[in-house]
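Read the structure below first, then the notes.
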Amino acid sequence: LYIDLHLMSCLYFSSYSAMQVPFCPMVGSEVYSSEVKKTEVLMENFRRAIGLRIKENKEVYEGEVTELSPEESESSTGGYGKNISHVVIGLKTVKGTKQLKLDPTIYDALIKEKVAVGDVIYIEANSGAVKRVGRCDAFATEYDLEAEEYVPIPKGEVHKKKEIVQDVTLHDLDAANAQPQGGQDILSLMGQMMKPRKTEITEKLRQEINKVVNRYIDEGIAELVPGVLFIDEVHMLDIECFSYLNRALESSLSPIVILATNRGICTVRGTDMTSPHGIPVDLLDRLVIVRTQIYGPIEMIQILAIRAQVEEIEIDEDSLAFLGEVGQQTSLRHAIQLLSPASVVAKANGREKICKADLEEVCGLYLDAKSSARLLQDQQGSYIT
């Protein structure tokens, strides 16, 4: 495992204990696509691993809906149709009630949120945005089986100032600005109905979003939450991707990057040079390498016992010790794979618990990678080459 410590000094996990720290896992082979460039896939995952916690103090009307009455008027264009002139809504809190007269456009937002009498909602005074929080817990015994989320009736006054906190990633902001919704023309409607095709987000758009994010951070409106980008099988990346990684890590908006690989000295993809773990030496110099050691017999037995418990397989201690020896001779992965067939053999012999004889029978049926390679080498004349 390799950990890049860029931004590590400014990341205090104690201060982010109550926040949603983004974690974005990916595999090195994911970057190869016929639709999107390799560097675009890397940058997209980079932005997914950077969170933004936005805090805003807004004036809101919050409470349980006690009345929802749309008032109709005659259509201004003539005919038999009627228009919604305004909406009368009643909100109730612990301290009191209030009746509001709302614009017809807010009624559309109420319909979209599926607001009904008995729901707890809040309406932003400035933008008119409506958010349904849930069903009031006074109606919790209304049904025997419920799929609703019940919330207590709000405290305080109906009209109040409230701190609204939103956790988003930079990729969410990129996607929202790259494909803005709306438009009533025929092309916009057709674009919404058609299956969306994966498209790239331009570097210019990302730079503009970064400017806005930095301004929000400077003003104290938002707080940056650097997450973790985990890249497995990093040896699958080529020299172009590694060069892009070097540049991306220099950015002020960068997550902690963890690289994982099981390769030794091998060729860096896209070049003729060899390097430890298939990673260019200039990038290796920037990494902190986590040393890993081979599992000992006791550790293997503990891991096998946990795995058997997870798979709900019963096995005695002698069998676990024998399986630990098999893992030492072959590999831990092979020993774990033998648990399921051994369980089947034990049940076929009328036992619920795996014994040593079951494991010995299974070991004779299945070969590990080393034994298979040795067998192929010894009998290579019997196979088609």
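Throughout, read-outs are computed from the coordinates displayed, never taken from laboratory work. Model, not experiment: these values are computed from the prediction. All Cβ positions, even for glycine, are placed from backbone atoms using ideal geometry, and neighbour counts span all protein chains on display.
Pairs of Cα atoms in the chain fall into 20 Å distance bins, from 0 up to the last occupied one, in shares of 18, 35, 33, 13, 1 percent.
Rounded to the nearest 20 debye, the dipole magnitude of segment 297-376 is 320 debye, with +1 charges on Lys and Arg beta carbons, -1 on Asp and Glu beta carbons, and the Cα centre as origin. GNM remark for the chain: springs join alpha carbons under 10 Å apart, and the peak mean-square fluctuation among 205, 249, 375 falls on 375. Please identify, among 239, 301, 258, the residue showing maximal mean-square fluctuation in a Gaussian network model of the chain using a 10 angstrom Cα cutoff. Highest fluctuation of the listed residues: 301. Computed from the C-beta positions of residue 365 and residue 218 and an R0 of 56 Å, the FRET efficiency is 0.25 to the nearest 0.05.
Full extension of the chain between residue 351 and residue 167 gives 61.0 nm of extra length, using 0.36 nm per residue less the Cα-Cα distance.
Only helices enter this figure: runs of n ≥ 4 DSSP H residues, each worth -39500 (n - 2.57), summed and divided by the residues of the chain, yield -10000 deg cm²/dmol at 222 nm to the nearest 500.
So which of 82/114; 160/211; 37/211; 92/114; 112/162; 82/162 end up more than 29 Å apart, counting from Cα to Cα? Result: 160/211; 82/162 exceed 29 Å. For the pair residue 317 and residue 337, the difference between a 0.36 nm per residue extended length and the Cα-Cα distance amounts to 5.4 nm. In a fully extended conformation the segment linking residue 310 and residue 37 would gain 94.3 nm over its present Cα-Cα distance, using 0.36 nm per residue.
Report Rg/Rh for segment 252-311, rounded to two decimals, where Rg is the Cα radius of gyration and Rh the Kirkwood radius.
Rg/Rh: 1.16.
In segment 297-376, the convex hull through the Cα atoms has an average projected area of 4.8 nm², a quarter of its surface area. Given R0 = 41 Å, the distance between the Cβ atoms of residue 137 and residue 379 translates into a calculated FRET efficiency of 0.05. The shape of segment 236-352 can be summarised by an equivalent ellipsoid whose semi-axes, obtained from the alpha carbon gyration tensor, come to 42, 15, 14 Å from longest to shortest. Working from label points 7 Å from Cα in the Cα-to-Cβ sense, the residue 127 to residue 146 distance is 3.0 nm.
As a calculated quantity, the FRET efficiency between residue 281 and residue 252 at R0 = 22 Å, using C-beta atoms, amounts to about 0.30.
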